Amino acid sequence: MNIMSSRPDQADSLRQLARSLSGRKRIQHQAQKADAAGRGVRVISVTSGKGGVGKSNVVANLAIALSQLGRRVLLIDADLGVGNIDVLLGLSPHYTLNNVLSGEKRLKEIIVTGPAGIKLVPAGSGVQEYTSLGIHERIRLLDELDQLEEEFDVVIIDTEAGISENVTYFNTAAQEIVVVVSPEPTSITDVYALIKLLATRYDERRFKVLVNMVRDSRDALEVFARLSHVTSRFLDISLDYLGCVLWDERLVESVKRQRAVLDLFPESKSARCFSGLARLMNDHVGSARVKGNIQFLFRRNFAPIYGRESL
């Protein structure tokens, strides 16, 4: 929803956006010199081409696993129409991200604590007005997140499924994009469509692929090979194989009981997969990438070359 109702409000929002873009462009050529690893906030979007691939479960358990490794994790449920991570984790928030976007609450006022100490920004459910964020809402969210820059090491964004404007916004605003795909042919087709859109229209070039709900690692590699084959033929991008999560009845049971499988069945095969994936992601921390568009790049990531006056 675009809530800019008057010309002065619109002009003010556009000036804010111009300042943000100008500041980011000034550091774009210097970003390669900045050693952001180990001192900056890492922003990761987790996305999928279609629903039903277990993405939100992946996000919740990866957040918990990273927290267990000592990382300070903020999880943002960015499915602004039908958010459900709070339900998956058995949490009952009083407010949601919609209250922040409307200006009723500050972001720090709606954050709830989940398993292993992760912090969750819950999304509203059954609300249509923020299913397409306008400039004003995007700037408000960016500024609210900047206020929390000293409190977290990793921010994980769980996007909605599909290729809506919100999906493309959160993916292009993140520093790293993880796509979740299942062995179903429709999942592979839809993930390819999403990657193609992000590559051709938004110039995204790097994607990490996580294969979910597979029988074994060989099946996962076959899924990745199929996706990699079609992208290499038609797109100039880089796909990195992140790993897989095995099909597990324990995971199904944990969903029914509104608990994370890492919390309820920490020795299950899916829980071990999540722990392994978190270790891999924790060990391979790349430098934050600065893009040409407005981005969730916290100011302290590039403190020596990107002062607060730039915004």
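No value in this document is a laboratory result; all are computed from the given coordinates. Model, not experiment: these values are computed from the prediction. Every residue, glycine as well, gets a Cβ built from its backbone with ideal geometry; the counts of neighbours run over all protein chains shown.
Quick notes on this one:
- Test for R257: is it among the basic types (K, R), over 18 Å from A60 (Cβ atoms) and out of contact with any Ser or Thr (no Cβ under 9 Å at 6 or more places or on another chain): no
- Test set (1) surrounded by fewer than 21 Cβ atoms within 10 Å (Cβ to Cβ); (2) touching a strand residue (DSSP E or B) at 6+ places or on another chain (Cβ under 7 Å); (3) without any contact (Cβ under 8 Å) to a residue 60 or more places away in the chain - D153 fails condition number: (3)
- Comparison of E137, E104, E144, E149 shows that the only residue that is closer than 22 Å to N171 by Cβ and assigned to a loop (DSSP other than H, G, I, E, B) is E149.
- Candidates R233, R201, filtered to the one that is touching a residue at least 24 places away in the same chain (Cβ under 8 Å), part of a helix (DSSP H, G or I) and loosely packed, with under 15 Cβ neighbours inside 10 Å: R201
- The residues on offer are A193, A173, A116, and the sole one that is among the small types (G, A, S), surrounded by fewer than 20 Cβ atoms within 10 Å (Cβ to Cβ) and closer than 29 Å to R72 by Cα is A116.
- Within region 215-246, tally of residues that are hydrophobic (A, V, I, L, M, F, W, C) and either under 19 Å from the mean Cα position of the chain (by Cα) or within 20 Å of R279 (Cα to Cα) (or both): 7
- Among residues of region 130-147, those that are of a type in the set (A, V, I, L, M, F, W, C) and surrounded by fewer than 19 Cβ atoms within 10 Å (Cβ to Cβ), counted: 1
- Residues that are surrounded by fewer than 24 Cβ atoms within 10 Å (Cβ to Cβ) and either touching a strand residue (DSSP E or B) at 6+ places or on another chain (Cβ under 8 Å) or of a type outside the set (S, T, N, Q) (or both), drawn from region 59-75: S67, L69, G70, R71, R72, L74
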